[in-house]
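**Student:** Dropping a structure here in structure tokens format, bear with me for questions.
Derivation of every value follows stated rules applied to the coordinates shown; laboratory data play no part. From a predicted model like this one, the values you see are computed outputs, not experimental measurements. Cβ: placed from backbone, ideal geometry, glycine included. Neighbour counts: every protein chain shown.
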Amino acid sequence: MSSYGDLLRWGEQRLDHSQRAGFLLEDAAARSLVWLRAHAKDAAPADIEQRYRDWVERVAGGEPDAYVSGVTHFWKLRLRVTPDVLIPRPDTETLVESALEMGGERPQRVADLGTGSGAVALSLALERPTWQIIGTDRSAAALDVARRNALDCAFSGVRWRQGNWYDAFATDERFDGLVSNPPYVASDDPALAPAVRQYEPASAVIADDNGLADLSVLIGQAPDHLHPRGWLAVEHGYAQAEAVAALFARAGFTDIQCRKDLAGHPRVTCGRLR
């Protein structure tokens, strides 16, 4: 039987001294890394050791950490994830920040289209409890994950609907704000990581028309579902900023702004209806 310290050292060696070893042990043991280091000499229960060793080997083989452990951290939330949903990235927190700034503090009705795990919708609900938030997705399996996350986070006020983009809404249904992290990667993009291509749902990653197909629908049809002066915020690829801004302008948006992600790349474009 190994101690927690032994397991952590083994995991770090197996994963080339990556911090992922510590995160996996936290999830396998359901303990914080601070606690694990304080109890480094304690023997780990056999079930925890087996779980951890299995997880480390799977990650060493290329499987994403979040799918292995079944959880990830986004914004201020701990979220469940499965292979039915895209793993939320830190860069998408730029989308949350943009939506919060566009919406301000006043109560309003906001929809998160293509919600996946519910990461964006639930982050907005955390920061703006007066907002009425609806998360949509065409995948029933993804919505199951989002609903479970809402229960875990005790956000009973968020509503969920199934439908492909605006098909989830009535023809005359309108919102104060719309937010989305749609598929925007071209299928032949050489920068797409092999692990993403192999493990994450292609429908949440890849889009036709050089990655712009879904963005074109989202932006082009947004005015039909926004109140006057309503706002839209979408995530996109760093090389798509100019094309996305043109789509916003063509759809009748003003005050168009592009915001950069944590690495300084153009990542989110926002605008308001006239």
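**Student:** Quickly work out the ALA170-to-ALA46 label distance, labels modelled 7 Å from Cα along the C-beta direction, and quote it in nm with one decimal.
**Tutor:** Placing both labels 7 Å beyond Cα along the Cβ direction yields 6.0 nm.
**Student:** Let me ask you something else. Per-residue HN-Hα couplings for region 58-73, Karplus 6.51 cos²θ - 1.76 cosθ + 1.60 at θ = phi - 60°, whole Hz, x for Gly and Pro?
**Tutor:** Rounded to whole hertz, the list is 5, 5, 4, x, x, 6, x, 3, 5, 6, 5, 7, x, 9, 8, 10.
**Student:** Pull out the extension gain between ARG138 and ARG229, defined as 0.36 nm times the separation in residues minus the alpha carbon to alpha carbon distance; nm, one decimal. Display every interim value, and only then the final one.
**Tutor:** Working: separation 91, 0.36 × 91 = 32.76 nm, distance 2.73 nm.
Computed gain between ARG138 and ARG229 is 30.0 nm.
**Student:** Can you tell me, using C-alpha contacts under 8 Å and at least 6 residues apart, the relative contact order of region 83-273 as a whole percent? Mind dumping the intermediate values first?
**Tutor:** Values: 387 pairs, mean separation 42.9, N = 191.
For region 83-273, the relative contact order is 22 percent.
**Student:** Now for a separate question. Using θ = phi - 60° and the Karplus form 6.51 cos²θ - 1.76 cosθ + 1.60, what ³J(HN,Hα) does each residue of region 201-215 get, whole Hz, x for Gly and Pro?
**Tutor:** Residue by residue, region 201-215 yields x, 4, 5, 9, 10, 9, 9, 6, 6, 6, x, 9, 4, 6, 4 Hz.
**Student:** Ok, one more. Subtract the Cα-Cα distance of ALA249 and ARG14 from 0.36 nm times their separation in residues, and report this length gain in nm to one decimal. Mind showing how you got there, number by number?
**Tutor:** On the way: separation 235, 0.36 × 235 = 84.60 nm, distance 5.03 nm.
Full extension of this stretch gives 79.6 nm more.
**Student:** Follow-up question, since we're still on this one. For region 225-254 and region 143-188, what is the centre-to-centre distance using only Cα atoms, to the nearest Å?
**Tutor:** Between the Cα centres of region 225-254 and region 143-188 lies a distance of 18 Å.
**Student:** Out of all DSSP beta bridges in region 83-273, what portion is antiparallel? Express it as a percent rounded to 5. Walk me through the numbers before you get to the answer.
**Tutor:** Values: 11 of 30 bridges.
Expressed as a percentage, antiparallel bridges in region 83-273 total about 35.
**Student:** Quick one: grab the alpha carbon gyration tensor of region 74-190, order the square roots of its eigenvalues as a ≥ b ≥ c, and give me rounded if a/c is under 1.5, else prolate or oblate depending on whether a/b is larger than b/c.
**Tutor:** Details: a/c = 1.28, a/b = 1.19, b/c = 1.07.
Verdict is rounded for region 74-190.
**Student:** Given THR254, VAL56, SER32, which one lies farthest toward the positive end of the charge dipole of the chain, if we put +1 on the Cβ of every Lys and Arg and -1 on the Cβ of every Asp and Glu?
**Tutor:** Value computed over the given set: SER32.
**Student:** Please list, by residue number, everything in region 98-131 whose backbone N is under 11 Å from a paramagnetic label point 7 Å out along Cα→Cβ of LYS260.
**Tutor:** The answer is none, because no backbone nitrogen lies closer than 11 Å to the label point.
**Student:** Nearest 20 debye, what's the magnitude of the dipole of region 4-61 about its Cα centre given +1 on Lys and Arg Cβ and -1 on Asp and Glu Cβ?
**Tutor:** Result for region 4-61 is approximately 100 debye, rounded to the nearest 20.
**Student:** How many angstrom lie between the Cα centre of region 56-129 and the Cα centre of region 195-222?
**Tutor:** 17 Å
**Student:** May I pose another question? As a check on your grasp of the helix formula, calculate [θ] at 222 nm for the chain: sum -39500 (n - 2.57) over DSSP H runs of n ≥ 4, divide by the residue count, round to the nearest 500. Write out the running numbers ahead of the final one.
**Tutor:** Numbers: 12 runs with 109 residues, N = 274.
Value at 222 nm, helices only, nearest 500: -11500 deg cm²/dmol.
**Student:** Still on this structure: What residues have an amide H closer than 5 Å to that of SER18, excluding those fewer than 5 places away on the same chain, when H is modeled at 1.01 Å from N in the peptide plane?
**Tutor:** So SER18 has HN proximity to no qualifying residue.
**Student:** Compute the acute angle (0 to 90°) between the alpha-carbon long axis of helix 20-29 and the principal axis of greatest extent of the alpha-carbon atoms of the chain; round to the nearest 10°.
**Tutor:** Here the helix axis deviates by roughly 80 degrees.
**Student:** Shape of region 83-273 from its Cα gyration tensor (a ≥ b ≥ c, root eigenvalues): rounded if a/c is under 1.5, otherwise prolate when a/b > b/c, or oblate? Each step should come with its number before you reach the end.
**Tutor:** Details: a/c = 1.44, a/b = 1.08, b/c = 1.34.
It comes out rounded by the Cα gyration axes.
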